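Colleague: Before I ask anything, let me first share the structure, which is written out below as structure tokens.
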Amino acid sequence: MGISQGGYLGKKLVTFGTPALFAPNPLSGPPGTPVTVTGSGLGAQQGNSQLLLNGAPIAATPWSDTSIQFTVPADDPATGVAWASLPKAVPLVVSMTGQLSNSATFKVT
């Protein structure tokens, strides 16, 4: 019984919960807009985690366990060219140690 309990506790110590995102603030804006996305289980530091905008990684700083800040890029990170057909609702997702968060929506205007 002692070994089983040790295995159970060991798994609890190294298993991370799935990160969760809440609505961004603001909900929409043009390129250059600073945005804060709050959530939970995002990790105290960015490390190998990534913020994905429209399915592609973007720079995010600062990064904490409960919030991430980024600036809406001039180009769509998924295509590398200027945003087309604005306004455009795009998904925000966090990838943390291989686990994906839920999706939050930001509208590029």
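One line per residue, one yes/no per condition, for (1) among the acidic types (D, E); (2) out of contact with any Ser or Thr (no Cβ under 9 Å at 6 or more places or on another chain); (3) at pLDDT 95 or above; (4) more than 19 Å from T18 (Cα to Cα):
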residue: G32; (1), (2), (3), (4): no, no, yes, yes
residue: V37; (1), (2), (3), (4): no, no, yes, no
residue: G41; (1), (2), (3), (4): no, no, no, no
residue: L53; (1), (2), (3), (4): no, yes, yes, no
residue: Q69; (1), (2), (3), (4): no, no, yes, yes
residue: D75; (1), (2), (3), (4): yes, yes, yes, yes
residue: P87; (1), (2), (3), (4): no, no, yes, yes
residue: A104; (1), (2), (3), (4): no, yes, yes, no
residue: V108; (1), (2), (3), (4): no, no, yes, yes
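Colleague: G17 - would you say it is at pLDDT below 95 and either outside any strand (DSSP E or B) or touching a Lys or Arg at 6+ places or on another chain (Cβ under 8 Å) (or both)?
Modeller: Criteria met by G17.
Colleague: Out of the residues in the stretch 44-101 that are within 15 Å of the chain's Cα centre (by Cα) and aromatic (F, W, Y), which is nearest to N25 (Cα to Cα)?
Modeller: F70
Colleague: Residues that are in a strand (DSSP E or B), touching a Pro at 6+ places or on another chain (Cβ under 6 Å), buried (at least 19 other Cβ atoms within 10 Å of the Cβ) and not β-branched (V, I, T): does the stretch 45-56 have at least one?
Modeller: Yes, because at least one residue in the stretch 45-56 is in a strand (DSSP E or B), touching a Pro at 6+ places or on another chain (Cβ under 6 Å), buried (at least 19 other Cβ atoms within 10 Å of the Cβ) and not β-branched (V, I, T).
Colleague: When only residues in the stretch 60-84 that are assigned to a strand (DSSP E or B) and of a type in the set (V, I, T) count, which is surrounded by the fewest Cβ atoms within 10 Å (Cβ to Cβ)?
Modeller: Here the answer is T71.
The values are calculated or read from the model by the stated rules, or taken from the named source; none is laboratory data. On a predicted model such as this, the values are computed, not experimentally measured, just so you know. FYI the Cβ positions are ideal-geometry reconstructions off the backbone, even for glycines, and counts take in every protein chain you see.
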